[in-house]
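Note sheet for the following structure.
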Amino acid sequence: DQQVKQNSPSLSVQEGRISILNCDYTNSMFDYFLWYKKYPAEGPTFLISISSIKDKNEDGRFTVFLNKSAKHLSLHIVPSQPGDSAVYFCAACRSGGYNKLIFGAGTRLAVHP
Amino acid sequence: EAGVTQFPSHSVIEKGQTVTLRCDPISGHDNLYWYRRVMGKEIKFLLHFVKESKQDESGMPNNRFLAERTGGTYSTLKVQPAELEDSGVYFCASSRDSSLGSYEQYFGPGTRLTVT
């Protein structure tokens, strides 16, 4: 049973436009969410996170939105750059010592000129 | 600050053999985790150490896998005997004390294990 789902395996966006990556979760106990970026042959790199007490967190070109009632979060990248081309993983965890991250299957983003 | 390091980067072994993977976390990180990604699927949790103690080993697939973290510094993950389905990329991650309200984990580059 996949508790974190990324239903789009791939996304193609033109340079300069907005990239929107989506993630859904089923476990209402999750209260902390993270996005990781992964290049081939490297480990996942932490990008941005959000606590369930917030509905938005912004860091430069990256913004994560959380809709708790819909159990949905999204990552917005604007403007998209060719260097953003990578696989993006959504992850979730519970606070209070349950530190393990539950990952989605990833979305491969391609930003083309 | 040095990142999480893993050794070896790649290992090819035959079914039935033993392999030991090593992870050195970021200095000062009490939390250390092992994850595995099989066949390009999602990254799955294996276990979590707090210092030298196993906090959660609910993701360990079976008793052929043994993880240790003697002295609360580096960790090893041994697979004995290896089976074909153990092939995949094994990631190690570390994090600071989560009681501070931060749950970010920092990953190493992974060890690609191929069992033939």
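May I ask you to sort A:94, B:69 by Cβ crowding, counting other Cβ atoms within 10 Å and putting the fewest first?
Starting with the residue having the fewest Cβ neighbours, the order is A:94, B:69.
Work out the mean other chain Cβ neighbour count within 10 Å for the residues of A:91-103 and drop it here as an integer. Don't skip to the answer; put the middle values down first.
Values: counts 5, 1, 4, 1, 4, 2, 6, 5, 12, 13, 12, 4, 7.
Across the residues of A:91-103, the mean count of other-chain Cβ atoms within 10 Å is 6.
In vacuo Debye scattering of chain B, one point per C-alpha: log10 I(q)/I(0) at q = 0.10 Å⁻¹?
-0.27
Classify the protein assembly as shown as rounded, prolate or oblate, taking a ≥ b ≥ c as the square roots of the eigenvalues of its Cα gyration tensor: rounded when a/c is under 1.5, otherwise prolate if a/b is larger than b/c and oblate if not.
Prolate, since a/c reaches 1.5 and a/b exceeds b/c.
Between residue B:55 and residue A:67, take the C-beta separation as r, use R0 = 25 Å, and let me know the FRET efficiency to the nearest 0.05.
Efficiency computed from Cβ-Cβ geometry: 0.20.
Lone cysteines in the protein assembly as shown, defined as no other cysteine's Cβ under 4.7 Å from theirs: which are they?
Those would be A:93, since no other cysteine Cβ in the protein assembly as shown comes under 4.7 Å of theirs.
Out of segment A:1-83, which chymotrypsin sites (Phe, Trp or Tyr not before Pro) are coil in DSSP terms and have no more than 15 other C-beta atoms within 10 Å?
none
Under 10 Å, Cα contacts only: if you run a Gaussian network model on chain B, which one of B:30, B:97, B:86 comes out with the highest mean-square fluctuation?
Between B:30, B:97, B:86, it is B:97 that shows the largest mean-square fluctuation.
Please order B:13, A:77, A:102 by the number of other Cβ within 10 Å, starting at the fewest.
B:13, A:102, A:77
Shielding by partners for A:5-17, please: the mean number of other protein chain Cβ atoms within 10 Å of each residue's Cβ. Walk me through the numbers before you get to the answer.
Numbers: counts 1, 1, 0, 0, 0, 0, 0, 0, 0, 0, 0, 0, 0.
The per-residue average across the peptide is 0.
Could you give the distance between the Cα centres of segment A:40-113 and segment B:41-116, to the whole Å?
For segment A:40-113 versus segment B:41-116, the Cα centre distance is 22 Å.
Any read-out appearing in this document is the output of simple, stated calculations on the displayed coordinates, not a laboratory observation. Note that the structure is a prediction, hence the values are computed from the model and not measured. Backbone-built Cβ (ideal geometry, glycine too); neighbour counts: all protein chains shown.
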